[in-house]
Amino acid sequence: KGYIHNCLVAGPQATPVLDLEHYQGNDYKLQIARHYYDENPGVTQTPVENEPFELGGAKLAWNYFRCDADHFVDCTAFYHICHYLKSWAYSRVVSPSAQSVKCVLTTNGPADVWINGEHVHRQEHFHHQIPQSLAFQAKLIQGHNEFLVRFEEVAARECPYVMALQIVGSPKETFVFIPTLHEGVARRCGIKVKFEFE
């Protein structure tokens, strides 16, 4: 159905919100998110599986993630004190031709999307239990298209924290490419074929 199920994920980068008294009202999470918001993606080098990097003093790494049937990259966790969270998901979508597409991004909190280094979408909402989906238009080039999603949350104890990205109506020839230095790539491909065709 056009969901990107294979990606590299980094994070969450968890920043304690120690001055919580400055954020008052029912929209305190949105206030926190806007306070910490950075228009830059924060990722300066091409993501590669298992490659570590440092961001704002936090040591992170790109880990391979394959979504389950619910399509979600799931970073759900529990935080005893309030934290502002940022996570990143990266995939290369290989398109058989240049085309305009409709994308649907589903998250619990705010999120940004960059395609080939260009910022193409920002959504700013908080839905604690049931994540919200928003559509946007995007242009793909023929060949490799770099998709980077940065998704955010403000954790106050239990924190549902998911993201799903769908490309609606993508041709069957479209596939996902994951940059990796992993030695077992051939074995992974063999396992994938076995599961798909048995």
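The values are calculated or read from the model by the stated rules, or taken from the named source; none is laboratory data. The structure presented is a predicted model; accordingly, all values stated were derived computationally and were not measured. Using ideal geometry, Cβ is built from the backbone for each residue, glycine included, and neighbour counts are taken over all protein chains shown. These accessible areas exclude ligands, DNA and RNA; they are computed on the full protein's heavy atoms, side chains included. Shrake-Rupley method; radii C 1.70, N 1.55, O 1.52, S 1.80 Å.
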Residue ID - surrounded by the fewest Cβ atoms within 10 Å (Cβ to Cβ), chosen from residues in segment 102-145 that are of a type in the set (Lys, Arg) and closer than 21 Å to Asn40 by Cα = Lys139
Conditions (1) part of a strand (DSSP E or B); (2) open to solvent by less than 30 Å² (accessible area, probe 1.4 Å): number failed by Pro12 | (2)
Check Thr76 against each of (1) farther than 29 Å from Pro52 by Cα; (2) surrounded by fewer than 20 Cβ atoms within 10 Å (Cβ to Cβ) and name the one condition it does not meet.
-> (1)
Just one of the numbered conditions (1) farther than 25 Å from Ile167 by Cα; (2) in contact (Cβ under 8 Å) with a residue 12 or more places away in the chain is not true of Asp19; which one?
-> (2)
Name the residues in segment 92-128 that are of a type in the set (D, E, K, R) and touching a residue at least 60 places away in the same chain (Cβ under 8 Å), would you?
-> Arg92, Lys102, Asp112, Glu124
Do any residues in segment 167-191 that are part of a loop (DSSP other than H, G, I, E, B) have Cβ atoms under 9 Å from those of residues that are at pLDDT below 75, where the two are at least six apart or on different chains, and which pairs are they?
-> His182/Arg188
Go through segment 79-101 and give me each residue that's open to solvent by 10 Å² or more (accessible area, probe 1.4 Å) and either at pLDDT below 95 or over 12 Å from the mean Cα position of the chain (by Cα) (or both).
-> Tyr79, His80, Ile81, Cys82, His83, Arg92, Val94, Pro96, Ser97, Ala98, Gln99, Ser100
Residue among Gly42, Gly25 that alone is within 18 Å of the chain's Cα centre (by Cα), part of a loop (DSSP other than H, G, I, E, B) and among the small types (Gly, Ala, Ser) | Gly42
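Check Asn6, Asn40 and return the single one that is at pLDDT 95 or above, closer than 23 Å to Ile167 by Cβ, of a type outside the set (Gly, Ala, Ser) and open to solvent by 40 Å² or more (accessible area, probe 1.4 Å).
Of Asn6, Asn40, the one residue that is at pLDDT 95 or above, closer than 23 Å to Ile167 by Cβ, of a type outside the set (Gly, Ala, Ser) and open to solvent by 40 Å² or more (accessible area, probe 1.4 Å) is Asn6.
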